[in-house]
Amino acid sequence: MSARRPNPNGSEKRMIMSEVRVRFAPSPTGVLHLGGARTALFNYLFARHTGGKFLLRIEDTDRERSTDESTQAIIDAMNWLGMHHDEEIVYQSKRIDAHREALDTLIAQKSVYKCYCTAEDRNKAREKAEAEGGSYIHRCDCRDMETEKEEAFVWRFRMPKEGETVFDDIVQGTITTANREIEDLVVARQDGSPLYNFVVVVDDAFQRVTHVVRGKDHLTNTPKQIQIYQALGLPVPKFAHLPLILGLSKRLRSAGVESYRDQGYLASGLNNYISRLGWSHGDQEIFTFAEIIEKFDLKDVNRSEGSLDMQKMEWVNQQHLQNCDGAMLAELVVPFLAKEGIVVNAADGKLLAAVETMRARAKTLVELAQNMKFYFVADDQLEFDEKARAKFYTETAVTYLQEMAENLAEVSEWTEEAISENVNTYIAQKGIKLKDVAQPSRVALVGRAAGPGLWETMAVLGKESSLKRLTQAKSE
RNA sequence: GGCCCCGUCGUCUAGCGGUUAGGACACCGGCCUUUCACGCCGGCGGCACGGGUUCGAGUCCCGUCGGGGUCACCA
């Protein structure tokens, strides 16, 4: 068995001739985690890049584990990330008639047979096979039985016993499987309720999916599905199996996309980061969503699996924070400010200005909101970093701050230039350095020893607040 | 265990027979500077191992080791 890259010419020609149709097919049994989001994203990118359609199918046939809340959570997460699907959502649970019909076709042409083996039979056979050091593949006499029995049964698919099943995976290369390695899988239960490898074929064909883009954990299902396509006389789509994301800690694994949203990640940052896990475009690291769509191609997807690096994810997000439009960023940070107890209007001029002074200092919207809080709290409610206050509120420093405030009160036009000029005049007269007043001022204005430049801080804060905060500084 | 896939700095990756093996995050220095960031400059650090093929191998072949996936009347 070998895996070589297929000659790309053949597949690209076909793509031009027929519209690309891809689908994301989650089962609604939980949140959309990063792995699922990436699978959805690669499908979406491929569809948009090629001008094709991005379909959504909810695989909710496992009624015990599927919930409507989960379906909604997945759709919400995708919307937030900007992955909007085309056409109507297909709910697998509503297609039982079509599944039944396909099963009837298989029964009629004897592509399936009734298997009466019980769970005990199979376990016994498996144990025996394992004891002999071999692998277990279900084989039994039911396949060739002439007469029917009045016993419980399942429908098994009649796999070819010889030959091999071959397909050219767009990312994994040519995959060849000996047919003797593929078991006669159960296609439906006695009551006709179909099983995964069968419905997925029927539904993908129904949605006229041209490219099945999914996680590599489905790789071994593919030859089984190809056999079913052929038995049903359906066109076999192209396959692209994406490398999995490794090294997800339990916490990271279970975290849904919305938890990253709540942690202050930007949708564009998250998309950028997860797209670069397994895909690259030369040395470029930062992409807008439009750029990823423009540059993404399945043939540039790696075969090797990668793992999450939260520090790099933060850095990528920070880059997007820097590049984000100001008005947009202001709007995005409003809910995070609200969590800090600050209520502001997104169009507030002060908010816009404040965002500009702080954006380079935050990796997430949560950080941005926390760092910006000081601009909006009441002057006498400002929270202080006690260590910073103890360090910089010396007796002389506090005196300087009083004098600075008195001088600044004279400034009529409250701009960065005027503020700067006024303070510089003061320190020149006083024969001191900016250093002597800078940190004490910052602590008085911001509450911490870190923050934007003094002039911009005061300009954004406004004259009244600035003077109040400088004046209220007291040594201890 | 059978079958399949993968293996370039700690991490994400570029590389597609001839490169001083490039970039990014992180880390360590330095610069900038009113602090913290941003930014800029520099440093550390990698082709898993062993055989072949070839004038020449990170690139091709085989093996070993390591990692992952899959072996349901789940999806």
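The values are calculated or read from the model by the stated rules, or taken from the named source; none is laboratory data. This structure is a prediction, so every number in the text was calculated from the model and none was measured. Glycine gets a Cβ as well: all are built from the backbone with ideal geometry, and neighbour counts include every protein chain shown.
Data overview
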read-out: Some residue of the range A:133-143 being in a loop (DSSP other than H, G, I, E, B), aliphatic (A, V, I, L, M) and surrounded by 12 or more Cβ atoms within 10 Å (Cβ to Cβ); value: yes
read-out: Matching residues in the range A:105-132 - criterion: being surrounded by fewer than 12 Cβ atoms within 10 Å (Cβ to Cβ) and assigned to a helix (DSSP H, G or I); value: A:Ala108, A:Ala119, A:Glu120, A:Asn123, A:Glu127, A:Lys128, A:Glu130, A:Ala131
read-out: Pairs where the first residue, in the range A:306-317, is within 15 Å of A:Arg38 (Cα to Cα) and the second is more than 6 Å from RNA strand B (Cβ to nearest atom) and part of a loop (DSSP other than H, G, I, E, B), C-beta under 8 Å, 6+ apart; value: A:Gly306/A:Pro243; A:Ser307/A:Gly247; A:Ser307/A:Leu248; A:Leu308/A:Gly247; A:Leu308/A:Leu248; A:Met313/A:Tyr265
read-out: Odd one out for A:Gly326, checked against (1) touching a residue at least 24 places away in the same chain (Cβ under 8 Å); (2) within 28 Å of the chain's Cα centre (by Cα); (3) closer than 16 Å to A:Gly264 by Cβ; value: (3)
read-out: Top-ranked residue of the range A:45-75 - restricted to ones that are of a type in the set (D, E, K, R) and part of a loop (DSSP other than H, G, I, E, B), ranked as nearest to A:Glu87 (Cα to Cα); value: A:Glu59
read-out: Residue within the range A:271-283 that is away from RNA strand B (no atom under 13 Å from the Cβ), under 13 Å from the mean Cα position of the chain (by Cα), surrounded by 16 or more Cβ atoms within 10 Å (Cβ to Cβ) and part of a helix (DSSP H, G or I) present; value: yes
read-out: Pick from the range A:289-318, criterion among the polar types (S, T, N, Q) and over 15 Å from the mean Cα position of the chain (by Cα), ranking: surrounded by the fewest Cβ atoms within 10 Å (Cβ to Cβ); value: A:Ser304
read-out: Candidate set: the range A:349-366, residues that are within 15 Å of A:Asp325 (Cα to Cα) and away from RNA strand B (no atom under 16 Å from the Cβ); chosen: the one surrounded by the fewest Cβ atoms within 10 Å (Cβ to Cβ); value: A:Gly349
read-out: The range A:414-470, residues that are within 13 Å of RNA strand B (Cβ to nearest atom), under 13 Å from A:Ala397 (Cα atoms) and in a helix (DSSP H, G or I); value: A:Ile427, A:Leu434, A:Lys435, A:Asp436, A:Val437, A:Ala438, A:Gln439, A:Pro440, A:Ser441, A:Arg442, A:Val443, A:Ala444
read-out: Close pairs from the range A:77-92: first within 28 Å of A:Pro194 (Cβ to Cβ), partner more than 16 Å from RNA strand B (Cβ to nearest atom) and part of a loop (DSSP other than H, G, I, E, B), Cβ under 8 Å, at least 6 apart; value: A:Met78/A:His84; A:Met78/A:His85
read-out: Filter pass, A:Lys391 being within 13 Å of RNA strand B (Cβ to nearest atom), outside any helix (DSSP H, G or I) and not hydroxyl-bearing (Ser, Thr, Tyr); value: no
read-out: Some residue of the range A:162-170 being over 39 Å from the mean Cα position of the chain (by Cα) and surrounded by 13 or more Cβ atoms within 10 Å (Cβ to Cβ); value: no
read-out: Residue in the range A:136-152 that is out of contact with any Cys (no Cβ under 9 Å at 6 or more places or on another chain), near RNA strand B (Cβ under 7 Å from one of its atoms) and without any contact (Cβ under 8 Å) to a residue 24 or more places away in the chain present; value: yes
read-out: Residue match in the range A:86-102 (condition: on the phi > 0 side of the Ramachandran plot and at pLDDT 95 or above); value: yes
read-out: Qualifying residue in the range A:229-245 (condition: in contact (Cβ under 8 Å) with a residue 12 or more places away in the chain and under 30 Å from A:Phe336 (Cβ atoms)); value: yes
read-out: For A:Gln225: the one exception among (1) surrounded by fewer than 17 Cβ atoms within 10 Å (Cβ to Cβ); (2) within 13 Å of RNA strand B (Cβ to nearest atom); value: (1)
read-out: Among the candidates A:Glu331, A:Glu367, A:Glu340, residue that is farther than 26 Å from A:Arg442 by Cβ and at pLDDT 95 or above; value: A:Glu331
read-out: Only listed residue being within 11 Å of RNA strand B (Cβ to nearest atom), of a type in the set (A, V, I, L, M, F, W, C) and in contact with a His (Cβ under 9 Å, 6 or more places away or on another chain), chosen from A:Val199, A:Val187, A:Val213; value: A:Val199
read-out: Selection within the range A:72-97 - surrounded by fewer than 19 Cβ atoms within 10 Å (Cβ to Cβ) and basic (Lys, Arg); value: A:Lys94
read-out: One residue from A:Arg261, A:Arg214 being within 30 Å of A:Glu101 (Cα to Cα), among the basic types (Lys, Arg) and crowded, with 17+ Cβ neighbours inside 10 Å; value: A:Arg214
read-out: Candidate set: the range A:285-305, residues that are more than 8 Å from RNA strand B (Cβ to nearest atom) and not in a helix (DSSP H, G or I); chosen: the one farthest from A:Gly51 (Cα to Cα); value: A:Ile286
read-out: Test: residue in the range A:329-341 that is within 14 Å of RNA strand B (Cβ to nearest atom) and out of contact with any strand residue (DSSP E or B) (no Cβ under 8 Å at 6 or more places or on another chain); value: no
